[in-house]
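Report on one structure; see the data block that follows.
The values are calculated or read from the model by the stated rules, or taken from the named source; none is laboratory data. Every value quoted in this text rests on a predicted model; they were computed, and no experiment measured them. All Cβ positions, glycine included, derive from the backbone under ideal geometry; neighbour counts span all protein chains shown.
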Amino acid sequence: MLLRRGAVTDKMYNVFIDGREGTTGLQIFERLQKRDDINIMALPEEKRKDAEARREYLNSADISFLCLPDAAARESVSLITNPKARVIDASTAHRTAEGWVYGLPEISPERRGQIASANRVANPGCHATGFISLVAPLVKGGILGADYPLVAHSVTGYSGGGKKMIAEYTAEGRDIALSSPRQYALTLSHKHIPEMVKECSLAHAPAFQPIVADFYCGMCVSVPLYKGLLLKKWGADDIREYFAEYYASHNFIKAAKKEEVPAYLAANELAGTNYLKIYVSGNDEMISMFSVFDNLGKGASGAAVQNMNIMLGLNETCSLI
């Protein structure tokens, strides 16, 4: 079954969302169904888990989104026999896999072109997006050593936990503990760490401590630095200016000016958008870097649609502004 939304243009693209029922899949569907250049290929409910039906759609779509658990995403890839079939995987399964392009187009001048020509794109993790946008430019610029003992904290809305966590937070008579921010991944082995290490070319993993709090969506990733341990003894102003120049040509990642740094930084400031904003502050000895964005936007579905636009040669801002 083919769902058409809006007026038909000269060029229409067939898009299949494998796993449309999940949080990310639903958000991608909502963004795309309003467009007049996209045909959403929708499997009948009774064939949603039918491997042969999925095989047909995965091989005939212009682009497929995989919004599935890791094992199911790997299974979907195994069903593809068409060498021209293109995939954006929103799971963790292929983010460090050989032959896959990591879908963060702003991270280097070459990355956008790699995404544009790729058949396999791994959509970044939400926490990883915030961390990499702060750390990778500093390592690439010779400001931060690959062996720096990095620590990172990330505050996220509960929507990042998927349907089960959303139901838990919105249930009547819920556990009182849900009203408090909750630290998790206490073993320091969060599933986003491998992509953080690879994309930032780090010598070892950061000490990463995520926190889920009682709000629907939004994220703030923070990375503190000691000025004296940097390869270049830069202060907050230098790093802020560096980020402003590094991301100047991009649509969705920007650095805040010094006067824009608030007394309280809200993790849900950019909820409902595909933007990511970087804040830098500190004192004579220490620097604090923050990336604020929507864990469902630039951290998930928004990033996936942005990657799709790039792969199809379209304006990357379509459906996102």
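Among residues of the range 127-149 that are on the phi < 0 side of the Ramachandran plot, those with a beta-carbon under 6 Å from a residue that is surrounded by fewer than 20 Cβ atoms within 10 Å (Cβ to Cβ) and of a type in the set (D, E, K, R) at least six positions away or on a different chain give the pairs I143/K232.
Note on the range 255-276: among residues that are of a type outside the set (G, A, S) and in contact with a Lys or Arg (Cβ under 6 Å, 6 or more places away or on another chain), the one that is farthest from R31 (Cα to Cα) is L276. Scanning the range 185-202 for residues that are surrounded by 12 or more Cβ atoms within 10 Å (Cβ to Cβ) and either farther than 11 Å from H127 by Cβ or outside the structural domain of N268 (by TED's automatic domain parsing) (or both) yields a total of 6. Of the residues making up the range 281-303, just one is surrounded by fewer than 24 Cβ atoms within 10 Å (Cβ to Cβ), touching a strand residue (DSSP E or B) at 6+ places or on another chain (Cβ under 9 Å) and part of a loop (DSSP other than H, G, I, E, B), namely E285. The residue of the range 45-73 that is modelled with the highest pLDDT, among those that are among the aliphatic types (A, V, I, L, M) and loosely packed, with under 14 Cβ neighbours inside 10 Å, is A71. Within the range 21-66, the set of residues being among the aromatic types (F, W, Y) and within 22 Å of G162 (Cα to Cα) comprises F29, F65.
Scanning the range 120-149 for residues being crowded, with 21+ Cβ neighbours inside 10 Å and of a type outside the set (F, W, Y) gives a total of 18.
Among all positions in the range 186-201, there is no residue which is touching a helix residue (DSSP H, G or I) at 6+ places or on another chain (Cβ under 7 Å), of a type in the set (A, V, I, L, M, F, W, C) and in a loop (DSSP other than H, G, I, E, B). All conditions but one from (1) buried (at least 18 other Cβ atoms within 10 Å of the Cβ); (2) under 17 Å from F293 (Cβ atoms) apply to K254; the one that does not is (1). Flag: V221 does not match the condition of being at pLDDT 95 or above, assigned to a helix (DSSP H, G or I), in contact with a His (Cβ under 8 Å, 6 or more places away or on another chain) and not charged (D, E, K, R). Criterion applied to S180, S117 was being outside the structural domain of M289 (by TED's automatic domain parsing), at pLDDT 95 or above and loosely packed, with under 13 Cβ neighbours inside 10 Å, and the one residue passing it is S117. In the set E259, E241, only one residue is within 30 Å of V305 (Cα to Cα), in the same structural domain as A177 (by TED's automatic domain parsing) and either in contact with a Leu (Cβ under 7 Å, 6 or more places away or on another chain) or of a type outside the set (F, W, Y) (or both); that residue is E241.
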